1. Is region 46-68 home to any residue that is more than 13 Å from ARG146 (Cα to Cα), surrounded by fewer than 15 Cβ atoms within 10 Å (Cβ to Cβ) and under 14 Å from the mean Cα position of the chain (by Cα)?
2. Please work out which residue is surrounded by the fewest Cβ atoms within 10 Å (Cβ to Cβ), limiting yourself to region 72-97 and to residues that are free of Cβ contacts under 8 Å to residues at least 40 places away in the same chain and in contact with a strand residue (DSSP E or B) (Cβ under 7 Å, 6 or more places away or on another chain).
3. It is to be established whether one or more residues within region 109-124 are surrounded by 15 or more Cβ atoms within 10 Å (Cβ to Cβ), touching a Ser or Thr at 6+ places or on another chain (Cβ under 7 Å) and closer than 25 Å to ILE13 by Cβ.
4. Would you tally the residues in region 127-152 being in contact with a Phe, Trp or Tyr (Cβ under 8 Å, 6 or more places away or on another chain), surrounded by fewer than 16 Cβ atoms within 10 Å (Cβ to Cβ) and farther than 18 Å from GLY90 by Cβ?
Amino acid sequence: MAAQTPQDSPLQIQMAVSKIVMKKIQRDGKWILQYQRKADVQEAKPGEILEYTIRYTNISQQILNKIQIIGPIPANTYLQKDSIRNQQVGQMYASADQGKTYQVPPLQKILVENGKSKTVLIPETEWTHLKWLVPSLNPLQSITVRYWVVVR
């Protein structure tokens with residue numbers, strides 16, 4: 001995991017991107033999908049799955065409050081539905097406008113057609129960022145979130 005922390009910050013932030021390799025295996029007479037993480041991704045091809053792992057660690061001796069974990073969904077990828085994993089870190093939000101605004105999923109937008117407005121859902125494939133609001137983080141405590149994106 002690569003550290004991305006400013007020197008004087010009480011938070012240590014680490015982000016890693018791994019390639020997920022799926023394979024079918026037979027277990028107890030049944031076929032199941034098994035996945036493996038491959039670290040240090042240098043490039044990815046369309047259809048491949050990448051796992052983002054973001055870890056925040058409070059390296060101070062004080063409780064930190066109101067922490068925001070921001071997770072990017074790169075432009076050439078889309079969020080793999082139902083892949084978000086976290087350690088019950090707090091409320092999750094998503095953005096479909098490059099992180100300018102966030103909503104609690106499911107995301108919605110208002111469309112105006114023929115002078116009438118209607119609310120439509122924004123699919124996960126159009127999301128650009130994820131955000132978790134963490135109420136507090138104790139000294140030396142870490143929290144981790146993971147999610148998968150698929151390369152377009």
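Here, each number is a calculation from the coordinates, and none is a lab measurement. Keep in mind that what you see is a predicted model, and the values were worked out from it rather than measured. For neighbour counting, all protein chains shown are included, and Cβ atoms are generated from backbone atoms with ideal geometry for every residue, glycine included.
1. Scanning region 46-68, I find at least one residue that is more than 13 Å from ARG146 (Cα to Cα), surrounded by fewer than 15 Cβ atoms within 10 Å (Cβ to Cβ) and under 14 Å from the mean Cα position of the chain (by Cα), so the answer is yes.
2. It comes out as SER95.
3. Filtering region 109-124 for residues surrounded by 15 or more Cβ atoms within 10 Å (Cβ to Cβ) gives 122, 124.
Filter once more, so that each one left must be touching a Ser or Thr at 6+ places or on another chain (Cβ under 7 Å): none.
No; the residues of region 109-124 include none that is surrounded by 15 or more Cβ atoms within 10 Å (Cβ to Cβ), touching a Ser or Thr at 6+ places or on another chain (Cβ under 7 Å) and closer than 25 Å to ILE13 by Cβ.
4. Final tally of qualifying residues: 1.
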